[in-house]
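Notes follow the structure.
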Amino acid sequence: MSRGDSAAEGRYGRFSPDGTEYLITDPRPPRPWSNVIANPRMGLAVSQTGSGFTWVDNSQLGVLTDWKQDFAQDSSGKFLYARDRDSGAVWSLSPAPVFAPFDSFECRHGIGYTSFHTLAHGIRATWTLFVHARETVELWKVELHNESERPRAIDLTAALDWVCGVAPAPRREFHKLFPETWYEPDRGAVFARNHMWDVQSPRFGHWNTDFPYVAALACSEPIAAAQGDKTAFLGRNGAPHAPRALGEASWSPLFGRHHDPIAALRVVIALGPGESRALSFALAVDGSRDATAHLIDRYARNGALDQALAEVRAGWTERLAAHRVDTPEPTLTWLTNDWMRYQAISARLWGRCGYYQQSGAFGFRDQLQDSQVWLTIDPERTREQLRLHAAHQFADGSVYHWWHPLSEQGHVTEMTDDLLWLAFVAASYIRETGRLCVLDDETPFIDEARPAPLREHVERAFRRVFRRTSARGIPFIGAGDWNDGLSACGLDERGESFWLGHFLAGLLADWAEIGRRRGEMEWAGELAARRDTLVAAINQHGWDGEWYARGTLDDGRVFGSHEDRAGRIFLNAQTWAVLNDVASPDRAAQCMRSVRAHLVSPAGALLLAPAYREPAAEIGYITRYAPGLRENGGVYTHAATWAIAAAAKVRDAGLVADLLRAINPALKDADAYWAEPYVLPGNVDGPDSPYHGRAGWTWYTGSAAWLHRIVCERVIGVRPEWDALLIDPCMPPGWRRASMTRPWRGSTYRVAIERDGARRDAPEATLDGKPLPGARIPVPPTPGQVHDVRVRV
Ligand code: GLC
């Protein structure tokens, strides 16, 4: 099989020729293949069956419509039913919930929309779902075409269950006591609000506040019937695949405060032979009935909808346009240019939601890392993210592990790395933009109202970590560092983390440099000295012979060492030692040999090996996962991307090629891999699982922003330094070329890299035809220009 084949014709679908859509032609892939479509406030998740849900502002606390996370059935959500009024035949415009056979089927997941294309009973239908680029309204465009030779009358019924609150809401009999629905026939809309919102927050009182929004479902066509009660719609003991009401000529509408709240709207569409009709539905939400009604009036109209969809598509194209790559592997090019960044922005930053995790919260470390996706295209958004996270830090330097927007409920933990990601992302921002002034951005602390500059937030984070360091100079691991599952190693503040040491060592180098640039020589000197001491301590206590140990437990036992039966070697403790120059060149080479020997699998680099088989309470919940799953010996994609960066750092192009290929979802056999080919998974089962190579937790993973960055900065190798843009490719040996267009410091660089077969130690580069020493592009003296960079490797 040649490289492109699996992409061109997969078992369940294929990419469109330009890679911006994935066309699912068999509706039954091994797991739901979903899309997470969001604008900065509103979003929906939808799978190839049509199942899914919609939220506003927070995908857990602001859920509008009900959905059940049940991957075996994948049949709950918002649906469109079709019924032939003459024959009585019923089907749905997506596979769920009726699962009637289609004469043809395609689900197209695109960047910002999903559409279902079906043919059943002589009716060709297209149902396109998306959210408006800015407004809090989800729009459905429906097109029906009568392919039969007789006139047809089709009942089209849209149906959903209201939540208007926190999801999941499994206690329906309790929760249904509070919502209120009403029908406004003139507007063709069913409205819903909720008089009780069970957010866990002192700010709102317990069970004593309204859901702060009003939602509505409306259609562009005259409504033939509306229903607001679930039993009236489904029938007693009825089921969503065959609601009794579909066969009833008229409905007795039940709206108000005493029902099981749903919205069902029926319209009747008459179609002569060969005739087509377009109609639209809008699911709108805003702070009041009037504001929501206003959205309905504007958007439940056909013309408005076409324009809105064009705007969404143009919005994504423009957003991603300034930074593009081209590589010999088409699927990698598509993923890098479009899907990874769409994943990071739509699902991680805006929606904070995936089909596997309805989160809504900001993870302190998570969305900061995700915000790296803006660095090259809109760095001020990274800066906004820095401000937002800085405002979720306490005066003692500690931070919420996560917090919920809307309720501002936050989780206080003894995790030890979260706070440092502020320093990490701020340094990345400065390297990219040169704007040291970011350090003057002021935000308060959670418990100290006086605004403090980012520089002080970062220093307080550093100082806290310095305080939480063992006598021999290694930072404590607390209730976990980057690895959430190492949740019990250091609860008594004795266990140490060598990985956190590696991470901190890199930050100390960066911040010493930043300090020098700001003329803060004493601070810079302190950080540089601390780095030296730390690096020496790690190398003295953390080197296990062939790799770095992961840490120590509260009782002093080393873990991630050759003496362990399970969890003998951990990936991050090697890759970050290499990336941050904690390891000497010899040790770095040895680390990567050990990675190759123990951790590289055909599914990518494993997070640790071998997997834990027995729960170990002194280590944490990582040991409680089934062997080979997620952090317990699976490929944890987030960390697997760092292995690619480390392989590039030691210039092991063969390893770069293997690891890159191993985690490319588009190159997998779908029956073994299970998950979507167009987005990254959070994890892939490792060899200790009977399903080695099975992926899951798609969309909601920090790997999307990271893999984008690593492909660009380490593989194609164009990365910013403090005063230069360095070209340092480490391309897979099979690549003869790669190119990138990218903005930097106000100018645009078109970089073309070619492997010409000549042997040379370092790349040879020209900038606008003139030799470029060290392949380092200096800061452009006159921004606003387009420059050509040619590189031979
Ligand atoms: C999850 C968490 C992330 C953590 C990772 C590893 O993805 O959201 O913060 O670093 O797991 O445990």
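Per residue of the stretch 639-652, what does 6.51 cos²θ - 1.76 cosθ + 1.60 with θ = phi - 60° give for ³J(HN,Hα)? Whole Hz please, x for Gly and Pro, Karplus curve as stated.
Calculated HN-Hα couplings, in order: 6, 5, 5, 5, 5, 5, 4, 5, 4, 5, 4, 8, 6, 9 Hz.
Using the alpha-carbon centroid of each, what span in Å lies between the stretch 83-137 and the stretch 519-562?
Centre-to-centre distance over Cα atoms comes out at 57 Å.
So what is the relative contact order of the stretch 544-639, in percent, for Cα pairs below 8 Å that sit 6 or more residues apart?
Numbers: 155 pairs, mean separation 22.6, N = 96.
It rounds to 24 percent for the stretch 544-639.
Please compute the per residue accessible area over the chain with all protein chains in place, 1.4 Å probe, rounded to a whole number of Å².
Per residue, the chain has 36 Å² of solvent-accessible surface.
Could you work out the helix-only [θ] at 222 nm for the chain, with each DSSP H run of four or more residues adding -39,500 (n - 2.57) and the total divided by the number of residues, to the nearest 500 deg cm²/dmol?
Details: 18 runs with 194 residues, N = 793.
Estimated from H runs of four or more residues: -7500 deg cm²/dmol.
Amide H to amide H, which residues 5 or more places from G228 or on other chains are under 5 Å from it, using H placed in the peptide plane?
For G228, the qualifying residues are L254.
Please report the relative contact order for the chain, taking Cα pairs under 8 Å with a sequence separation of at least 6, and give it as a percent rounded to a whole number.
10 percent
Whole Å is fine, so just give me how far the alpha carbon centre of the stretch 599-620 lies from that of the stretch 46-79.
Each part reduced to its Cα centre gives a spacing of 32 Å.
Based on the mean of other beta carbon atoms within 10 Å per residue, what is the order of 423-431, 337-345, most packed first?
Top of the packing list down: 337-345, 423-431.
Using a Cα-Cα cut-off of under 14 Å, which aspartates and glutamates could be cross-linked to K649, ignoring same-chain neighbours fewer than 8 residues away?
By straight Cα distance, K649 reaches D581, D586, E713, D728.
To test your reading of the geometry: what angle, between 0 and 90 degrees and rounded to tens, separates the Cα axis of helix 585-598 from the longest principal axis of the chain?
40 degrees
Under the rule of at least 5 residues apart or a separate chain, name every residue whose amide H is placed under 5 Å from the amide H of H787.
Residues meeting the amide H criterion: T748, Y749, R750.
Using the Karplus equation 6.51 cos²θ - 1.76 cosθ + 1.60 (θ = phi - 60°), what ³J(HN,Hα) coupling, rounded to whole Hz, does each residue of the stretch 664-681 give in order, writing x for Gly and Pro?
7, x, 7, 9, 9, 7, 4, 6, 8, 8, 6, 9, 4, x, 10, 9, 7, x
What number in nm² do you get for the stretch 113-233 if you take the convex hull of its Cα atoms and divide its surface by four?
Averaged projected hull area, Cα only: 10.1 nm².
For the stretch 598-752, which whole-number percentage of the solvent-accessible area (1.4 Å probe, protein heavy atoms only) is attributable to carbon and sulfur atoms? Numbers along the way, then the final one.
Working: 2310 of 4390 Å².
With neighbouring chains kept in place, the figure for the stretch 598-752 is 53 percent.
Relative contact order for the stretch 227-366: what percent, with Cα pairs under 8 Å and sequence separation of 6 or more?
With pairs under 8 Å counted, the relative contact order is 13 percent.
Where a Cα-Cα gap under 18 Å defines reach, which aspartates and glutamates qualify for K176, not counting those fewer than 8 residues away within the same chain?
Filter leaves D66, D161, D198, D210, D229, D260.
For the stretch 222-341, which whole-number percentage of the solvent-accessible area (1.4 Å probe, protein heavy atoms only) is attributable to carbon and sulfur atoms? If you can, show how the numbers build up before the last one.
On the way: 2530 of 4980 Å².
Ligands and nucleic acids excluded, carbon and sulfur give 51 percent.
Which of the listed residues, P732, L368, T209, is farthest toward the dipole's positive end in the chain, when Lys, Arg count +1 and Asp, Glu count -1 at the beta-carbon?
Going by the Cα projections, it comes out as P732.
Distance from a point 7 Å along Cα→Cβ of C437 to each backbone N in the stretch 376-407: keep the residues under 18 Å and list them by number.
378-387
Sort 149-155, 722-728, 495-501 for me by packing, meaning the mean count of neighbouring Cβ atoms within 10 Å per residue, highest on top.
495-501, 722-728, 149-155
Taking all protein chains as present, what is the carbon and sulfur share of the accessible area of the stretch 61-105, in % to the nearest whole number, probe 1.4 Å?
Carbon and sulfur: 43 percent of the exposed surface of the stretch 61-105.
Want the number for E147 to D297: 0.36 nm per residue separation, take away the alpha-carbon distance, what's left?
Extra length available between E147 and D297 comes to 50.8 nm.
Taking H placed 1.01 Å from N in the peptide plane, check which residues at least 5 places from W402 or on another chain put their amide H under 5 Å from its amide H.
F364, H411
If a/c stays under 1.5 just call it rounded; otherwise compare a/b with b/c (prolate if a/b is bigger, oblate if not). Do that for the stretch 392-544, with a ≥ b ≥ c from the square roots of the Cα gyration tensor eigenvalues.
oblate
³J(HN,Hα) across the stretch 142-154 via Karplus (A = 6.51, B = -1.76, C = 1.60, θ = phi - 60°), whole Hz, x for Gly/Pro?
10, 10, 10, 9, 8, 8, 8, 9, 10, x, 10, 10, 10
Could you state the number of Å between the C-alpha centres of the stretch 249-318 and the stretch 444-492?
49 Å
Which aspartates and glutamates does K770 reach when only Cα atoms under 15 Å apart count, and residues fewer than 8 places away in its own chain are ignored?
D788
Report, to the nearest 10°, how far helix 289-299 tilts away from the longest principal axis of the Cα atoms in the chain, using its own Cα long axis and a range of 0 to 90°.
Long axis of 289-299 versus the principal axis of the chain: about 90 degrees.
Taking Cα atoms, how many degrees apart are the long axis of helix 454-467 and the longest axis of the chain, rounded to 10 and kept between 0 and 90?
60 degrees
The values are calculated or read from the model by the stated rules, or taken from the named source; none is laboratory data. Small disclaimer: the values here were computed from a predicted structure and weren't measured. So basically every Cβ, Gly included, is an ideal-geometry build from the backbone, and we count neighbours across all protein chains shown. We work out accessible area using only protein heavy atoms, side chains counted, and drop any ligands, DNA or RNA first. Shrake-Rupley method; radii C 1.70, N 1.55, O 1.52, S 1.80 Å.
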